[in-house]
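See below for the structure under consideration.
The values are calculated or read from the model by the stated rules, or taken from the named source; none is laboratory data. Keep in mind the model is a prediction, meaning the values are calculated, not measured. Here the Cβ is made from the backbone with ideal geometry for all residues, glycine too, and neighbour counts use every protein chain on show.
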Amino acid sequence: MSDKHAITTEARALFQLSLPLAGAQLAQMGTSVADAVMAGHYGSQDLAGVALAGAMMWPITLIVIGILQAVTPSVAQYHGARAYRDIGEVIRQGLYVAITGGIVAALLLSAVQPIFQWMQIDPGASDIAVSYLKATAWGIPALMAFYCLRFLADGMSYTRPAMIIIATALILKIPLNYILIFGGFGIDAMGGSGCGVAQAIIMWFQFTMILLVVTRPRFNITAWWHQFSLPDAQRIGELLRVGVPIAGTLFAEVGMFSAVTLLLGRLGAETVASHNIAFNINGVAFMIPMALGMAATIRVGFRLGESDPRGARQSALLTVAGTVLVSALSALAIFVFREDIVGLYTSDEAVAALGASLLMFVAFFLIMDAVQATALGALRGYKDTRVPMVMAIAVYWGAGLPVGWILGYGIGVPAQGAFGFWIGLTIAVTGAATLLCLRLWRVSARETI
């Protein structure tokens with residue numbers, strides 16, 4: 001009976017943490033959906049341009065965000081140990097990393113045009129992507145500072161503010177998009193490029209709002225903004241030790257997904273647009289499992305900080321089990337309603353037909369992608385990040401991308417186009433889910449000995 005009570009209590013704690021996290025992730029994904037839907041209705045080339053911009057932006061920004069994700073387990077473990085002054089120091093050093101990384105990322109995103117030219121991507125779509133990225137670059141440093149401060153709140157189990165801020169940002173993003181894409185209030189229509197301008201504005205809004213949250217009295221115990229600290233090589237080194245492998249893992253996964261989008265660019269704007277729709281829909285459904293993974297990071301870190309490794313293992317395994325159930329239900333809904341869902345994105349019949357076909361892959365892909373993300377989140381709670389990075393590189397770049405390339409372009413076999421690349425993606429996430437679950441089982445068992 002006590003075990004059942006413990007499981008019920010832990011499930012309730014995970015639910016309370018993951019619900020606002022899921023809301024935040026869904027709202028964050030909603031900004032990409034808004035870009036895709038609104039740019040798609042302006043023109044299929046604009047939709048392709050926005051997709052190409054995202055394929056360049058997210059791998060680069062996620063390197064910095066991945067490093068900053070080391071803040072969450074560090075804060076969670078210090079929170080469990082009641083070492084609040086250490087939390088404050090982690091945040092001050094994290095902000096140095098965030099701002100420096102944000103500036104570097106912004107400079108890189110402003111200079112991507114030669115890459116599109118080298119890859120022989122549709123010139124019209126690539127021009128839109130370049131304009132999008134140059135505009136968005138102005139908001140990247142603010143975005144990185146936002147994530148660092150958000151991870152302070154998340155790590156202390158205060159996850160609701162991020163949901164409210166990002167949801168509000170989404171509400172603002174939609175009218176901003178409309179005005180900048182289609183024109184209005186004296187502003188000329190900018191097409192897909194307008195999404196980038198709106199994105200930069202929203203990034204600064206999110207930073208301003210989270211700053212108001214984490215300067216409230218409940219965070220005074222950490223004294224994160226009451227003191228000044230010079231860069232501390234030891235503290236920053238610890239964040240990098242945990243965070244760089246997280247960034248490597250994210251880059252391995254998202255980088256492969258982005259590489260597929262760029263490689264599909266050779267097959268025309270319609271193919272890229274269809275792929276982006278399918279990936280967008282998968283991304284929306286993926287936000288709940290991602291939130292469960294983030295909740296697992298927090299709970300596992302907190303339990304370890306309390307010196308309760310058995311509780312940490314229970315949190316980890318319970319989250320993975322919940323993810324399987326949630327993602328299976330989402331996959332079923334996508335499969336059944338795939339044509340209706342695609343119709344929300346585009347009125348182009350060719351794009352819609354291919355997009356609906358690709359959603360049949362998404363129905364299976366989603367479950368495996370969800371499981372690997374949750375297992376990865378739990379492992380981050382243990383600060384186990386290096387081996388998962390090696391696993392990710394092996395399955396995504398050693399198996400998934402080569403298979404997709406061979407099948408998609410027809411190297412020695414009949415060319416499958418977008419379907420071939422999605423077969424490669426599915427192989428990659430299935431391999432990742434299997435390896436990461438085995439790793440989580442081993443690490444969590446070892447900690448309880």
Residues of the range 1-55 that turn out to be outside any helix (DSSP H, G or I) and more than 27 Å from Thr271 (Cβ to Cβ), as a count: 1
Tally, over the range 22-67, of residues that are in contact with a Gly (Cβ under 6 Å, 6 or more places away or on another chain) and either among the aromatic types (Phe, Trp, Tyr) or within 20 Å of Leu108 (Cβ to Cβ) (or both): 6
Selection count, the range 67-89, where residues are assigned to a loop (DSSP other than H, G, I, E, B) and over 13 Å from Met294 (Cβ atoms): 4
Every residue from the range 259-289 that is among the hydroxyl-bearing types (Ser, Thr, Tyr) and either closer than 30 Å to Leu17 by Cα or touching a Ser or Thr at 6+ places or on another chain (Cβ under 9 Å) (or both): Ser274
Single residue of Leu230, Leu176, Leu212, Leu170 found to be part of a loop (DSSP other than H, G, I, E, B), surrounded by fewer than 22 Cβ atoms within 10 Å (Cβ to Cβ) and modelled with pLDDT of 90 or more: Leu230
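Condition check ((1) hydroxyl-bearing (Ser, Thr, Tyr); (2) surrounded by 23 or more Cβ atoms within 10 Å (Cβ to Cβ); (3) over 21 Å from the mean Cα position of the chain (by Cα); (4) under 27 Å from Pro231 (Cβ atoms)) across all residues:
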residue: Ile7; (1), (2), (3), (4): no, no, yes, no
residue: Ala13; (1), (2), (3), (4): no, no, yes, no
residue: Leu21; (1), (2), (3), (4): no, yes, no, no
residue: Val33; (1), (2), (3), (4): no, no, no, no
residue: Tyr42; (1), (2), (3), (4): yes, no, yes, no
residue: Ala48; (1), (2), (3), (4): no, yes, no, no
residue: Val64; (1), (2), (3), (4): no, yes, no, yes
residue: Asp86; (1), (2), (3), (4): no, no, yes, yes
Test: residue in the range 179-186 that is surrounded by 22 or more Cβ atoms within 10 Å (Cβ to Cβ) and not basic (Lys, Arg): yes
One residue from Asp154, Asp127, Asp86 being free of Cβ contacts under 8 Å to residues at least 40 places away in the same chain, in contact with a helix residue (DSSP H, G or I) (Cβ under 9 Å, 6 or more places away or on another chain) and charged (D, E, K, R): Asp86
When residues of the range 179-197 are limited to those that are under 22 Å from Met57 (Cβ atoms), part of a helix (DSSP H, G or I) and of a type outside the set (A, V, I, L, M), the one modelled with the lowest pLDDT: Ser193
Conditions (1) in contact with a helix residue (DSSP H, G or I) (Cβ under 6 Å, 6 or more places away or on another chain); (2) at pLDDT below 85; (3) not in a loop (DSSP other than H, G, I, E, B); number of the one not met by Tyr345: (3)
Matching option when the condition is among the small types (Gly, Ala, Ser) and touching a residue at least 24 places away in the same chain (Cβ under 8 Å), among Gly404, Gly412: Gly404
Candidates Ala278, Ala312, Ala273, Ala296, filtered to the one that is buried (at least 24 other Cβ atoms within 10 Å of the Cβ) and within 18 Å of Val371 (Cβ to Cβ): Ala296
Qualifying positions in the range 299-309 - out of contact with any Leu (no Cβ under 8 Å at 6 or more places or on another chain) and crowded, with 24+ Cβ neighbours inside 10 Å: Val300, Gly301, Phe302, Arg303
